[in-house]
Structure formats: C-alpha cells, structure tokens
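Trainee: This is the structure I have questions about; it appears just below.
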Amino acid sequence: MGRFWSLLFLAVPVLGVGVFAAAMMTDSWPLHNHWLPRDVSEKGYVIDNLFNTILYLTGVIFVGTSLALFWFLWKYDGEKNLGPVRFLHGSHTLEVVWSIIPAATLLFIAIYQMNAWADAKIDRPGTRLAGADGRMNTEDDLVEFQLPIAQVTGRQFEWRIRYAGRDGVVGTSDDVHTVNDLHLPVDEEVVLQIKSDDVLHSFFLPNCRLKQDVVPGMKQMVWFKPKEVGSFDIVCAELCGWGHYKMKGRMTIQSRKDFDQWLTDQERIQQESSFALSEEE
Amino acid sequence: MLKRFWMICTLLPLAFFAGCSGSPEADFVQVNSAAVEELRTKLASSGSGTETDQQEEAGPSGYATLKGRFALDGSPPPQIKLDISKDPAICAPGGKDVFANDVAVGPNGGLANIVIFANGVNEDWVHDSAKPGRTDEVIFDQKECVFLTHVVGIQTGQPMTVLNSDPVAHNLKVSTTFNQTIPEGKSVPFVASKELNSPEKMSCSIHPWMTAYLLVRNDGYFAVTAEDGSFEIPNLPAGVELEFRVWHERLNGIKGDLQVNGSAETWKKGRFEMTLEPSQDQELNVVLPAAMFN
Amino acid sequence: MLCYLQPCLTSLGESNPMKRLRIFWALLSMPMIGLVTGCGTESPDFRVNNVYMEKISRELDVKFAGQRQEDVYTALTAMFGTPDLPVVTGGEDAGVSDVLSVENLHLAAGPVIKDYEAGKGLYRQHCAHCHGVTGDGYGPTAKFLNPYPRDFRMGTFKFKSTPVGYRPTDDDLTRIVRNGINGTAMPSFKEMLDSGQIDAIVDYVKYLALRGQTERSLISLSGDYGYETPEETTETQAELLSKEVLVDEILGAIVEEWTSASETATEAEGRDPVYDFSSPEFDQSELDESIARGQQLYYGAGACVTCHGPTQLGDGQTTDYDNWTKDFFGEAAKVADAELLDAYLTAGGLPPRNIIPRNLRQGVYRGGRRPIDIYWRVKNGIDGTPMPAASSQLTDDDVWDIVNFVLSVPYQSLSQPADMPEFVRDRN
Amino acid sequence: MSSITAGSHAHEHESSATHASFISTYVFSRDHKIIGLQFLFSTLLWFFVGGLLALGIRWQLAYPWTNMPIIGKMLFPGEGGQISPEFYTTLFTMHATVMIFFVIIPILAGAFGNYLIPLMIGADDMAFPTLNMLSYWFMWPAFFLIGASFFTAPYGAGGGWTSYPPLSVVNEAAPGSASAQTLWLLGITFVGISSMMGSVNYMTTIIQMRAPGMTMFRLPLTIWGMFITAILQAFALPVLTAAGFMQVMDRLLGTGFFLPEGLIVNNSIPASGGGQPLLWQHLFWFYSHPAVYIMILPAMGMVSDIISCFARKPIFGYKPMVYSISGIAGLGFIVWGHHMFVSGMNPVLGMTFMVSTMMIALPSAVKVFNWLGTIWGGKIEFTTPMLFSLSFVSMFIIGGLSGIFMAATPVDIFIHDTYFIVAHFHYVLFGGTAMAVFGAIYFWYPKMFGRMMNEQLGKVHFFLTFIFLNGTFFTMHVLGAVGFPRRLADPYHYDTFQHLMPMNRFMTWCAIGMVATQVIFAFNFISSLFFGKPVGRNPWGCNSLEWSAPSPPGHGNFDFQPVVYRGPYEYGHPDATKNHYPQIEPPPENPTEVPEH
C-alpha cells in the first residue's frame, strides 16, 4: 500500500501544477478565462508580474518539496526499506542553510515590492512645484495634487458617483450624478475620491488591479491610468451587509472625446425638464 | 435519565437540520384544483353566460319620498378631545379644547351626520331629478382647522369647491384618490369621478386631527342627516325593493337592535330593504340606543 | 456525550454483546431518522392578503374562513394562476393585452433556472427577497428595510408622472427599475438586466398589481355575500364566481385603470429659466430670482414648510403614516390602538412606521433628481403619502420656482458651511 | 475504571468512585481526561454543524437562488425554499464562528491539550483541576449564545466572523442581526474566558508538573506546541475580550469607539460618533492573527509526534523545531497589519508589516524541511494517523506558500478578500489543522478508549477526504486569481465572474462529498467504541509517556511514578532492544540514574 499512498502524494504537485498551467493558458478547456482578468491599467502589469514572480518562486518550492515528500515516501516505505533507519537527530548545517536561503528570498521579494506598493498607494499623482527655497527638486518641494475627476460614494447597496462638473470641484451644484455608472477617459491619469456613507465597503476594480476599502469617516484617493477602451465591473470586496453581492457598478473607459460627450449628455439628462424627452437614456 | 438529557442537548442542532417544521398554514389557502380548472374554463369561454339568464325585472310603479329622522335614545357618549399639535394659535384660539364631534347630538336627541343612501338602484329607474350631471356647486370650507361640513355627499361630476378660510395652509386628502394643498384663504376645485359604496375619509396631512367624510354617488338617492337628525330623499323609485345603507362615522354601517317607526328591528351590516308606495311619503324614524356608541 | 457511555459499556461487560449492539444501533439510528424525515422543497405559493381580510371582516362583520375564503382564492387562482405559472384568464375580454404581455410574464416568473444564463425566473432572482413572491412587500428581507419594500397589491406607486389616484405609466416603472430609488434599498438594475428583461420585470410587477387589486376587490365583494346556509352558498357561488363579476366587473375595471394610465401623465413645459449651464442663454441672476420666488412659495402658498420644516430638514410633520398603513388603520392611522395593532400584526402586517418628509438638504431625491422629476413630485404630490399636490392656484411657473429652490437647497451655506472644518480625515 | 488493576493510588480511587455520583464523575468532572473527551465530543458535533453550514454556502454559490434541498422549505416557506441574502451572510458568519471558536481552537487546546498534557509530561492531572472543569463549562454559555444568535429571529449575526464595525455595531446596518450580534459578541467573550482559563492551566502544568527527568527539551513537540499556544492565548486574548466589550458597549450604551461622525445607515443616523472603524480592525487582528497560530501550532506538534513515530526515526532537528514554534509565536504578534493592507490603514505601515509577514514564512519553512528530514531514511508505516499527518505536511506546503502572495502588499491589493485567501486559510485550517486532528484522533483513540479504530475504514476516510479536500479548495486559488470575491451571495451577475459557475458547481459537489465522507468517520468512531479491537498500553510502539499508562488511563493516569530518561523521539536507537525506546525505560548500563540533559 505504501506505493499507492506515495503516488497519491505525487498527484498533489502533478495535478496542482496542471491546474495552474491550464488556468494560465487562458483559453483552455475547462478553465477558460480562469486566470487574472484582462488588465486595462497602465501599471497593472506590475502587480501581474509580481504575482507571477511569486507564483514561479513558490511553484518551484512547492514542486520541490512535494516531490521530495513523494520520493521519501516511495523510497523509505517500511514494507520495502528493510535496512535500519538512519538514526540521526538533525544537522546544524542543513538547518542554517535552509533558514538563510528562504530568508534571503523572502527579503528579496519584500524589498522588490516596495516600489510597486508606493506607486499604487502612496505617491498620489500631482505636479511638483518649487519649494520654500524657490528651487525645484529639493526635499521641500510642494506637490500640487491632481484633483479627483469624480467622487465615488459607497452606500448600502450601490455606488453613487458624482462628477466634478464644469468647475472641476466635487461638491458644487453643477456636479453630475450617476449611480453605479463610472465613465473614465482612456490614457489619462485618473484620480477618484472614495468615501462611504454608512459601513465599510471596498472599491475593487479587478481589471485595474485596484482595491481600496472605503472607510466611513475617511476620504481616500485612488488613482490609475486606464489604457484600454471597454466596459468593466466595479465590485464591492468588503462585507457591507445582506446586499453586499449586489453592489455592482460598471466602469466604462472611453476616449476623451466620447467621455466629454457622455458627460455633457449626462448633464443634459440631469437637467431634463420637459416630459417629452423623459424616455431618454 | 441524564444520559438522555445530554443526548437531546447534542442532537438538537442535528434535529434542526434534518427535521422539518410546519409551515404557517394561515398564510396560504389550499384550493381545489378541479374547481380552479372548471372556473378557468368558464372564464376563458367567450361571451358572458350569465347575461342571457338574467330576467328582466319589473320597473318602478312610480316615485316616492323617504323622509325621517335619526335620534339617540339615552345620554350622548363622551366627546373625544383632539390633540392640537400644530398651529395652536389658529386651530385652538385661546387654548380652547377642540372635540372630535363625531357623534353630533342635536335637539331632541337628533343625530347629525348620518348617511343614508339607496344602493344599486337600476340606472333606468332613476328619476330625472336624481340623474347624474348635477352642476350646482358644493362649498366645502374649513375654519379653525375644522371642516365645516363634517359629512359631505356629492354626485359624480358635481363640482365641489374646497375653501380654506384659515390663515394657514391646509391640504385635502381624500383617501387614495386626491391630495392637494390649499393655500391660506384660497380655494381649489374638486370633482369626484368614482362612485363610493361607503363614505371615504377626508383629512389634512398638515393637521392630522382634521377629519371629514365624503360620499360620492352616481344617482342623487342619498342624504346626510341635519343637525336635528332629519333627512329627506325625494323621488325614489316606488314599487320595487330598494336596498338602503346607513352609515355613521363611529359605527361604520349601523347595525344591531334599534327602533324603526316605533317597532324594534335588527339591522345587519348597516343595511335594510324597503319597498316604497308610489306617490306617498314614507316615514322612517329611527331611534338608536346610546349603548351602540360605546 | 459518548464519553459517558464508555463506563456504561464497561459495566455492561464484554459478556453482553447483544446489549451493546442495541445501544449502538440506537445511537446510529437517531441521525438517520432525522435525515429520512427531512423534507424536500416545494414550489412557492402566493400569500393570502390576511391584513385586508381582517380589515373587511371588521368592517362588514364577516368571517373570512372556510368556503368564503376558498371561493375568493379559487377565483383568484383561476384568474391569475400560480407563481410558477402565471396566467390572466379572461384577459382578452378585459383587454389585458394592452397592459402586459403574457410572454413577458413567463420570462419573469417561475423558479430561478439553474442555468444562470437562461435568464428565467428574473423576479424571484432579483425582486422576491424584498418584495415577496406575492408582490406584497413582505419578502424575507422586507421587515428590516427602511422604508419597507413596496407592496404592489394596492396598485399604488409613489414615483410616477401621473396624478394621485392614477396608475403609473410603463415609463415610470421602467425608470424606477433602471435607476433604483436613491436613499432606499431599491437598487438600480441598469447594469444587471437588459431592456428586454426590465420590460419583463415591469410587466410582472403589473401582473402582481392586477392580481393584488383583484384580490382586494374580490375580498371586499365577497364580504357582501352570505354563506350561512347551503342554499345561500350555492347562490353566492353562482353569482360571485361568474364571468360577469370576475372578468367584466372586477378585472375589467382594474385593467381600465392601467390602460388609461399613459394618457393621464402630467405634461410639463420646459422650465424657465432653463437651468442649463452650457446654454448661452443661461442667466445666473434669473435663476437666483426664481430660487428666491421658490423660497417665498416654500414658506407661503406652497405650504411646503408645514411638513418639510422651516430649515428644509424634513422635520415638520413627522407623525403621519403612508397609505399602505392607513389602508388598515384608517386615515387617522389609529396605530396607537393596541387591539387594532395587535390584529394587524397577527394578520402579518409589517410594524407601522411613520412616514418622514424628505430632508431636502441631503440632496437625495428618491424619485429622481431631474427637474422634471421634482416637478412631478411638487405638481402631482406623491401617491400613497401625505405629500399633497401643489394647489391648483399655483401656476406652472410657480411650481418651477419651487423646483429650482428645492434643487438649490443642498448647496446653500446652511447645508455646506464653508468655514467649518470637515469631520472626515483626508488621506493625502 | 475496571482496567486499573495495579497500585495503591488506583485502589484509593476505586473506593472513592463507588461513592462519587455519576454527575461529579462524568459531568462536572475535574479529571483532565474526562474534560478532554467532553471537549472532543462537543467540538466534533460542532464540526458537523459547521460543515453543514458550509454546504449551505456552497449550495448558494453553485445554484444561486434555487430552492435549497432539505432545509430550504422550513427556513423560507413562502419563498419556496429559496435562500435569502441575509441568511447567506448568517451562514458564512456562523460557519466561520463555529469552525474557529467551537472546533479548531477548542479541539486543539481543549480536547487534545487537556487529554495529552498531563499524560505526556507524566503528571497525574492538571495543576488546577477545578479551573480546568470550568474552562469546559464556560464553553456552554458560548454554545447557547452563539446558537441563540443563529436562531434569533429573523436572522442571526451577519457581520462576518471578523465583525467589522460599523456593520456590526449599527443595528440598522444589518438590521436582521440586531440582538443576534450582541449575543454573538457575548458568546465569543465566553469562548475567550474559557480559553484563558485553559491557557493559565496549561502553562502552569507544563512548567510545574513535569515528571522527574522530564526537562523542557525532553518534552514532546505536541507539548511545546500547546505550551507556546497557551502563552499566545494568555497575551492576545485580553485584547480581543477588551475589544469585544468595547463593541458590546458601542452597541448597547452608544459609546461610539468604532463609529465615525456623520453616518446615515438605512435612513437613520446613529447617535454616537467620534470613533474610528479601523481601531476595531487593529484590536481584532492583534488577537486574531496570533489566533491563527493558536489554530496551527498544536497541530504541528501532534503531527511531528505522529510522523516521527511512524517513520520509526527521531524527529529531524528537535531544537530548531522548538525554536521555530517560538519564532512563529513571537513574530505572530507583529504581523497583524497584513490583514489590513487595503483597509485604509496608512499605506506606509503596509511596508513594515510586509517585511515582518514575509519573515514568518521562515520558521514555517524550517518546520516543513524538518518533517521531510524526519521521513528521510525512515521505515515508514502507512497507518491512518500517518497518512493524515503526511497530508498535513503536503497541504501545509500549499497553504504556507499561498500565504506569501498575501504577504506581498501589491499582490494583496488584487487578491485581498478574494477566493485566493479563502483557499489559503482552508488549506491551513482544513488541509492542515483538521487533517492533523483526524490523524490525532486515530492516533490517540486507543489511548482514550482502549480500542482501535478500524484501519480500513480509516484509510477510506482519508483517501476520500484528501481527494475532496483538494477538489474543493485547490480550485479556489484559480477563482481567486480571477478576483472572485468572498462573501458574495450571487457573484455571477458580474460579467467578470459569470463564467466561473461550472467551477463552483464542481467545488460544491466536492464539498458535499467531503461532508458525506465524514459519515464514514462518524461510523468508524462510534462503532469502534463498541466493537473496536481492544488494545494494550502501547499499540503503535511509541516512546512518549502517555503510552506507558493504561488504556484508557484511570484517575491519576499512571499506575506507577514515571521517571524520564531521554527525549521522546528515540526510535531506532542503536542501544534499544526494540525499534522504539520509551522515555521511561532506563538505559541498560545504568538503570537507576536519572540523566540530566
């Protein structure tokens, strides 16, 4: 039976790698499109690459250790291995080796990620202005942050979106309001202000590799640069109550021209004041 | 014994998942599917089967007037004091108490604001004077946050002007069909289009204690008792059986034991049947026991 | 638990295997019995309108039980079918095809098909857990939503283009399904359903409203009939369960209300001044004047202040109830009457809640934020609520002034104080 | 009882047992073994309940909004047995609560900790028997409170097991679970009190009551796991208890620790404000991250013992194993922030927590390598406990490695709150801990009841569980890579996830198979109580002290005074006459000396 059980444990890396490989070939049956969704953000590839880097690294370790496990089970099956056991309590050298190698790898992974993290969450887009001493590119440069194009407010259970309108400032009477319908211009750095009216939500754009919990009492900024035209999902990724599942929004990325047209249309619809046109989109 | 106790304790969650609790039967009615099928076939068939069966009823042999009086026997029930929660300066000037006045007892125990009407009178039998299409205007006024007419009866299509003689705005809400603001000192027109089988409540959302009732009828065979309890319905078709309905605000349909023209009678569901003699006034004097209002 | 058996077993000794076997089977059979007696599922049924029956039985002093109740629901089932198989029997005669399409009903009704893509059972997938399978606003989620989900059975809808007392148009219902209702739990289905599916849902909602209205008519009509003796019962059944009464009288009248809905929609002329920032004619001073006039009307002839409060916070008249509550409790809403309330709750009504006038400073407009939406709210009032229509003394221009004022309130300095520090923490 | 035959100690007991009532002996018993078994049976029953809850979740994910078999009709009669979204949130909240607080934590510390600690260190009972008894009976209020929370009309607690405010604090936010949430919090507090009592007891017992010659470095790794766990609990639990009370106060007294100003929830405005939702997350994870290790360290210890025993070979690197357990525990206190990378916490902190989190993978790696080192060159006996332990190693590799994805902050942006993390913690908790617990039950069953469990059935149970476990959870990684979020009652109305339904159906059927397989285990467990092969003291040929006691051990455990001469893993020792070398067996050359280590 020892042989059988060893093969069962061999099946783990074989099938595991198989499943991942099949999933990564995005058009293979039955795992069609069971992999990272289409990336439409300019910096999305960074996260994808990191994901893949870690996947390959851990994949090697996974396959290595699993194969070792299989091989030891196969070889040292009590029914077959008739010699005496190797009576030993460990090896100091080995312990040191297999402590230092993973430690170094892990530290490398950690430090390797720092920039990507900073780009995604810390360095908000803006223009650098001369600092107090009047010179550019010094420590005390002032940054004029890019204003958000829209404010996205999570509430139970919808995303209320509010475009800055003509004056470029969110919160004035010329704002354009939509529900669950976020349109953005392509190839431009987009900054969104996100906030919550009631409980925690999470603003998740799978196709932009962007996720940020929306915390009541906080206004946060998220930013990315869409690079493809199309229509994509906005998902809520933090439990926000019974209707959590239905917080579906739609993000439409379009050319600047289309976007402006859309925004003007929205503004016009919002000003609708005669009955004849009420059947409009 | 103890063993069983622990068994029960630990098996309870299991029983929950495996067992089955009865569904609340009251929310659902089991219907006989054969009866449903039969009825469905009947409804789906073209033409109306019942129409041909109907026999032509004999028409009225003339017209008569029903008149009489509603009175209370005993001491009137205590009045309900209203809670004047808004605009007290206008609605209760001087801080006076305002009463609901839903049981208005006049001289000699006369009961006001009782509605009596003939129900389901064949359209062909209606006397010309009672036909729909009355154009004389009814004025419905309100002052000091009280509807001056407590029960108003109109015919469909008959114009009613809702006046507001108060220095505050009111709105008139007629059940589910009408709801409009009446600015201070202004008036709005109201026309009812749908016949009602019992008076509907009218109210003001701004001053929620204000109530009045509206009866809308196609024909003119209705009356609201005056302060002394008297009423008169002229030109009723005689010689045919008519169903009358009697309504009072606190009682809804007037039902129970009472005295009609001196003899004891029992009304059910606020209605009674009567056949009038042609060209002859019919007296209807009703005495309601005070106990009815408690 | 079993550990207590261990010593018992030991005390039984090895010599008594039969006894041990018996205990073992007893233990094993217990969960098995539980599993076997567990029951399967069955398809849902329409819920009975107990609240309305309670109301009518109080008014007419009759009991809704036995044959009377069964006849009502036999008629109703014959006319409208079941949640899995909706029909409108006799619909052709009543002209129901002008109101809804039966094919659409089959798309929206029934159980959720396991193949998700098939897109059947739309109502039960998207609507039923709030509005209930019956459309009675009593789905499993209903009781803790504020406001409660709409009960379609009265045929009354709040946000529509028609005046109080009239049915909504198709466009009104479609708009609500598409855009949702801001400030409530009603979500927007614009992104979830295509227009054909939304049409199907709208038709199904109308079907449920027709059914609910018919149910109410049947209940109140059957209250007039006698069921005391067998002869009376036969007579009643012949009369009540006839095509003339069911189709011509009841259904016909209800269908007529719906077919005429689109003609009753309130038309509105374009607003003056046009509140369009992009337009070259746009004149801020004109708008400001209009807002000022609207403010006058708010406090004066419009009488808005009485409910929405002197500061537009919606704190004027907060003790009233909506029509769905008043339907049972009457216009004065005697909710405080403990006996009445008890009967209402026992019959399955949702605990009554006060209806609160809108806080205009939040900028949350349930029926839509377009000026035309606000216009309809002001001009027509809101059906089912205490919100009255503007007095017919006010001109259309007056109404537009009020609309302009209402739209400007959230941006007044009282709503958005400029010099007050924001309470929120701004990251970056 | 009757199996105790030798020693005056046992005789004393017998005479007293005739007077002791059934209640004091078997219900409010202060004997650590009875308490351990009480924990074991309670947790196994809850394990079954938790599994059924999971099936409810899986059913909705495979066949959303269709009629739910068996229980659907009684829950939602009017809706034709269609699951409602509130019930779905209650289901996953309760699944996690039951599994974590009623199964994993108490079965490790409560059941095995209680049963094994005195036996393995050679003590006759715990240091504080009454406290020990109370630690079990304080679970019952928790059982009732959580049960009540589940059955509270109309819906049970629905804030997720993490109970994040404001959702869990503002009644209007999850209105179905108004009082249920308070009951839930109180229930968790009772679990905390119970664990606290246990942990104080375990620490004292392990430090004070070891048999002569049982030095700290001769303790079996199971005991090390329990010891470190007890320390973790003692330090982390007060934080959760305090935070729980803060939330209860927020709910009942309106203190507003966790509520910011200006919320409008379900059209009502909470009275309090001025708090911060993130505070709860910090406090909660300050406990719950160490709790993750509370849920795995004892399992690691037990697995080490079982592997060494059935590889017939000493554990590879005993001391590194001990240091790595301690290392995991120490680092466990400074990594809680990795649950909060996208929570709105200052992103700069994310970098710090990323480094510390990465570092925690290191001791875990050391442990895996040591287990591999242990089986290398052994003579492996493929018994059921061994198979379960090997699967622990195999599954822990997957669970551990997938953790690195989450630790990497930029990658976590994408996979946070997706099925990737669901896969990760199910690999650790089910593939890891639960499999280890199965192994431990098969392993110590003969000690507990004096009978063997059926090996053939055990192997069938293992095989099917292993297949279905991987079928259910491995595919979750792939779903996570698509971004498939957790806790969604109906994810398929998103275009991105719509095509994932067949995969979910596959997983659901695997999950149903997995739960069904446990019937084999239950049958085996119960029938072996009656018909299992009776065994002697040491059926597996193991070294540690508990195998020297009678099976089952009587009150007072040992019928002799154990004296320890060596570590617990001296299998295949060249000096020994057999292939194992029990800790109590004196060395042949100098039988009386107690050697110092």
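Trainee: Answer yes or no as to whether B:ASP83 is touching a residue at least 40 places away in the same chain (Cβ under 8 Å), among the acidic types (Asp, Glu) and open to solvent by 70 Å² or more (accessible area, probe 1.4 Å).
Mentor: On the way: touching a residue at least 40 places away in the same chain (Cβ under 8 Å): yes; among the acidic types (Asp, Glu): yes; open to solvent by 70 Å² or more (accessible area, probe 1.4 Å): yes.
Yes, satisfied.
Trainee: Still on this structure: Restricting to the range C:226-249, name every residue that is open to solvent by less than 40 Å² (accessible area, probe 1.4 Å) and within 11 Å of chain B (Cβ to nearest Cβ).
Mentor: Of everything in the range C:226-249, those that are open to solvent by less than 40 Å² (accessible area, probe 1.4 Å) and within 11 Å of chain B (Cβ to nearest Cβ) turn out to be C:GLY226, C:LEU240, C:LEU241, C:SER242, C:LYS243, C:VAL245, C:LEU246, C:VAL247.
Trainee: Would you confirm whether any residue within the range D:287-304 is hydrophobic (A, V, I, L, M, F, W, C), over 18 Å from the mean Cα position of the chain (by Cα) and in a helix (DSSP H, G or I)? Explain how you work it out, then say what you get.
Mentor: Step one: list which residues in the range D:287-304 are hydrophobic (A, V, I, L, M, F, W, C), which gives D:291-292, D:294-297, D:299-300, D:302-303.
Next, only the ones that are over 18 Å from the mean Cα position of the chain (by Cα) stay: none.
No, every residue in the range D:287-304 fails to be hydrophobic (A, V, I, L, M, F, W, C), over 18 Å from the mean Cα position of the chain (by Cα) and in a helix (DSSP H, G or I).
Trainee: If D:ALA489 passes every condition in (1) open to solvent by less than 10 Å² (accessible area, probe 1.4 Å); (2) assigned to a helix (DSSP H, G or I); (3) more than 25 Å from A:ILE47 (Cβ to Cβ) but one, which one does it miss?
Mentor: Just one mismatch for D:ALA489, condition (2).
Trainee: Go through the range A:15-48 and report how many residues are surrounded by 14 or more Cβ atoms within 10 Å (Cβ to Cβ), more than 8 Å from every other protein chain (Cβ to nearest Cβ) and part of a helix (DSSP H, G or I).
Mentor: 5
Trainee: Does A:ILE100 satisfy being facing chain D (nearest Cβ under 9 Å) and either closer than 24 Å to D:ILE380 by Cα or of a type in the set (Val, Ile, Thr) (or both)? Walk me through it before giving the result.
Mentor: Numbers: facing chain D (nearest Cβ under 9 Å): no; either closer than 24 Å to D:ILE380 by Cα or of a type in the set (Val, Ile, Thr) (or both): yes.
Here the answer is no, as A:ILE100 does not meet what is asked.
Trainee: Right, something else. When residues of the range B:26-55 are filtered for being more than 35 Å from the chain's Cα centre (by Cα), open to solvent by 70 Å² or more (accessible area, probe 1.4 Å) and at pLDDT below 80, how many remain?
Mentor: The number of residues fulfilling the criteria is 1.
Trainee: Let me ask another. Out of all the residues in the range C:295-309, is one or more at pLDDT below 80 and either closer than 30 Å to B:ASP87 by Cα or not β-branched (Val, Ile, Thr) (or both)? Don't jump to the end; show me each part of the working.
Mentor: The initial filter retains those residues of the range C:295-309 that are at pLDDT below 80, namely none.
No, there is no match, as no residue in the range C:295-309 is at pLDDT below 80 and either closer than 30 Å to B:ASP87 by Cα or not β-branched (Val, Ile, Thr) (or both).
Trainee: Does the range D:411-432 contain any residue that is under 19 Å from A:ASN52 (Cβ atoms) and in a strand (DSSP E or B)?
Mentor: Initially, the range D:411-432 is screened for residues under 19 Å from A:ASN52 (Cβ atoms), giving D:411-416, D:418-421, D:423-424.
Now restrict to residues that are in a strand (DSSP E or B): D:418.
Yes, some residue in the range D:411-432 is under 19 Å from A:ASN52 (Cβ atoms) and in a strand (DSSP E or B).
Trainee: Right, next: Identify the residue in the range D:446-466 that is out of contact with any helix residue (DSSP H, G or I) (no Cβ under 7 Å at 6 or more places or on another chain) and open to solvent by less than 30 Å² (accessible area, probe 1.4 Å) and, among all such residues, is farthest from D:PRO552 (Cα to Cα).
Mentor: That would be D:PRO446.
Trainee: Here is a list: B:ILE139, B:ILE154. Which entry is buried (at least 18 other Cβ atoms within 10 Å of the Cβ), of a type in the set (Val, Ile, Thr) and assigned to a strand (DSSP E or B)?
Mentor: B:ILE154
Trainee: If a residue has to be open to solvent by 20 Å² or more (accessible area, probe 1.4 Å) and more than 10 Å from chain B (Cβ to nearest Cβ) to count, how many in the range C:69-93 make the cut? It would help to see each step written out before you state the result.
Mentor: Applying the first criterion (open to solvent by 20 Å² or more (accessible area, probe 1.4 Å)) to the range C:69-93 yields C:69-70, C:77, C:82, C:84-85, C:87, C:92-93.
In the following step, the residues that additionally are more than 10 Å from chain B (Cβ to nearest Cβ) were identified as C:84-85.
Total meeting the criteria: 2.
Trainee: A follow-up question, please. Any idea how many residues of the range D:166-176 are part of a loop (DSSP other than H, G, I, E, B) and in contact with a Gly (Cβ under 8 Å, 6 or more places away or on another chain)? First the steps, then the outcome.
Mentor: Here is the first cut: in the range D:166-176, the ones part of a loop (DSSP other than H, G, I, E, B) are D:166-174.
Filter once more, keeping what is in contact with a Gly (Cβ under 8 Å, 6 or more places away or on another chain): D:167-168, D:173-174.
Qualifying residue count, the range D:166-176: 4.
Trainee: Still on this structure, I have one more. Look at the range D:547-564 and say how many of its residues are modelled with pLDDT under 90 and among the hydroxyl-bearing types (Ser, Thr, Tyr).
Mentor: Total meeting the criteria: 1.
Trainee: Working only within the range B:201-215, note down all residues that are within 8 Å of another protein chain (Cβ to nearest Cβ) and not hydrophobic (A, V, I, L, M, F, W, C). Even if it seems obvious, please write down each step before you answer.
Mentor: As a first pass, look at the range B:201-215 and keep what is within 8 Å of another protein chain (Cβ to nearest Cβ): B:201-203, B:205-206, B:208-209, B:211.
B:LYS201, B:SER203, B:SER205, B:PRO208, B:THR211 - these are the residues of the range B:201-215 that are within 8 Å of another protein chain (Cβ to nearest Cβ) and not hydrophobic (A, V, I, L, M, F, W, C).
Trainee: Across the range D:23-43, which residue is farthest from D:ILE206 (Cα to Cα) among those that are open to solvent by 10 Å² or more (accessible area, probe 1.4 Å) and either without any contact (Cβ under 8 Å) to a residue 24 or more places away in the chain or at the interface with another protein chain (Cβ under 7 Å from one of its Cβ atoms) (or both)?
Mentor: Here the answer is D:ILE23.
Trainee: Name, by its number, the condition in (1) in contact with a helix residue (DSSP H, G or I) (Cβ under 8 Å, 6 or more places away or on another chain); (2) at the interface with another protein chain (Cβ under 10 Å from one of its Cβ atoms); (3) at pLDDT below 90 that does not hold for D:ALA153.
Mentor: (1)
Trainee: Residues that are aromatic (Phe, Trp, Tyr) and under 30 Å from A:ILE161 (Cα atoms): which helices (runs of 4 or more DSSP H) entirely in the range C:294-408 hold 1 or more of them? Write out each step before concluding.
Mentor: Working: elements: C:305-308, C:323-329, C:338-346, C:371-380, C:396-408.
So the answer is C:371-380, C:396-408.
Trainee: Across the range D:122-135, what is the total count of residues that are under 21 Å from D:SER551 (Cα atoms) and crowded, with 24+ Cβ neighbours inside 10 Å?
Mentor: Qualifying residue count, the range D:122-135: 2.
Trainee: On to the next question. Tell me the helices (runs of 4 or more DSSP H) entirely within the range C:112-217 that contain at least 2 residues that are over 30 Å from B:GLN180 (Cβ atoms), at the interface with chain D (Cβ under 9 Å from one of its Cβ atoms) and not small (Gly, Ala, Ser). So that I can check it myself, show each step before the final result.
Mentor: Details: elements: C:122-126, C:128-131, C:170-179.
Where helices (runs of 4 or more DSSP H) fall fully within the range C:112-217 and carry at least 2 residues being over 30 Å from B:GLN180 (Cβ atoms), at the interface with chain D (Cβ under 9 Å from one of its Cβ atoms) and not small (Gly, Ala, Ser), they are C:122-126.
Trainee: Return the residues of the range A:106-129 that are more than 7 Å from every other protein chain (Cβ to nearest Cβ) and open to solvent by less than 40 Å² (accessible area, probe 1.4 Å); say none if nothing qualifies.
Mentor: A:ALA118, A:PRO125, listed by residue number.
Trainee: Moving to a separate point now. Of everything in the range B:249-281, what is of a type in the set (Gly, Ala, Ser) and within 14 Å of chain C (Cβ to nearest Cβ)? Give them in sequence order.
Mentor: Kept after step one, since they are of a type in the set (Gly, Ala, Ser), are these residues of the range B:249-281: B:253, B:256, B:262-264, B:270, B:279.
Matches in the range B:249-281: B:GLY253, B:GLY256, B:GLY270.
Trainee: A follow-up question, please. Tell me, please, whether a residue that is at the interface with chain D (Cβ under 10 Å from one of its Cβ atoms) and either open to solvent by 10 Å² or more (accessible area, probe 1.4 Å) or touching a helix residue (DSSP H, G or I) at 6+ places or on another chain (Cβ under 9 Å) (or both) can be found in the range A:157-167.
Mentor: So the first thing to find is which residues in the range A:157-167 are at the interface with chain D (Cβ under 10 Å from one of its Cβ atoms), and the list is A:157.
If we keep only those that are either open to solvent by 10 Å² or more (accessible area, probe 1.4 Å) or touching a helix residue (DSSP H, G or I) at 6+ places or on another chain (Cβ under 9 Å) (or both) as well, we get A:157.
Checked the range A:157-167: at least one residue is at the interface with chain D (Cβ under 10 Å from one of its Cβ atoms) and either open to solvent by 10 Å² or more (accessible area, probe 1.4 Å) or touching a helix residue (DSSP H, G or I) at 6+ places or on another chain (Cβ under 9 Å) (or both).
Trainee: Of these, B:SER205, B:SER198, which one is over 21 Å from B:THR156 (Cα atoms), among the small types (Gly, Ala, Ser), in the same structural domain as B:GLY157 (by TED's automatic domain parsing) and open to solvent by less than 60 Å² (accessible area, probe 1.4 Å)?
Mentor: Working: B:SER198 fails: over 21 Å from B:THR156 (Cα atoms).
Answer to the check: B:SER205.
Trainee: Where the second residue is at pLDDT 85 or above and open to solvent by 30 Å² or more (accessible area, probe 1.4 Å) and the first is in a helix (DSSP H, G or I) and lies in the range D:260-281, which pairs have Cβ atoms under 8 Å and are six or more apart or on separate chains?
Mentor: D:LEU279/D:PHE257; D:TRP280/D:MET246; D:TRP280/D:PHE257; D:GLN281/D:HIS339
Trainee: List the number of the failed condition for D:PHE525; all other conditions in (1) surrounded by fewer than 22 Cβ atoms within 10 Å (Cβ to Cβ); (2) more than 18 Å from D:VAL422 (Cβ to Cβ) hold.
Mentor: Of the numbered conditions (1) surrounded by fewer than 22 Cβ atoms within 10 Å (Cβ to Cβ); (2) more than 18 Å from D:VAL422 (Cβ to Cβ), the odd one out for D:PHE525 is (1).
Trainee: Go through D:PHE369, D:PHE333 for me and flag whichever is open to solvent by 10 Å² or more (accessible area, probe 1.4 Å), more than 8 Å from chain A (Cβ to nearest Cβ) and out of contact with any strand residue (DSSP E or B) (no Cβ under 8 Å at 6 or more places or on another chain). It would help to see each step written out before you state the result.
Mentor: Working: D:PHE369 fails: more than 8 Å from chain A (Cβ to nearest Cβ).
Exactly one residue qualifies, and that residue is D:PHE333.
Trainee: Restricting to the range A:212-229, give me the number of residues that are over 14 Å from the mean Cα position of the chain (by Cα) and open to solvent by less than 10 Å² (accessible area, probe 1.4 Å).
Mentor: At the first step, the residues of the range A:212-229 found to be over 14 Å from the mean Cα position of the chain (by Cα) are A:214-221, A:227-229.
From what is left, the residues that are open to solvent by less than 10 Å² (accessible area, probe 1.4 Å) are A:214-216, A:218, A:220.
Number satisfying all stated conditions: 5.
The values are calculated or read from the model by the stated rules, or taken from the named source; none is laboratory data. Since this is a predicted model, take the numbers as computed values, not measurements. Every residue, glycine among them, receives a Cβ derived from its backbone with ideal geometry; neighbour counts consider all protein chains shown. Surface accessibility is based on the protein's heavy atoms, side chains included, excluding ligands, DNA and RNA. Shrake-Rupley method; radii C 1.70, N 1.55, O 1.52, S 1.80 Å.
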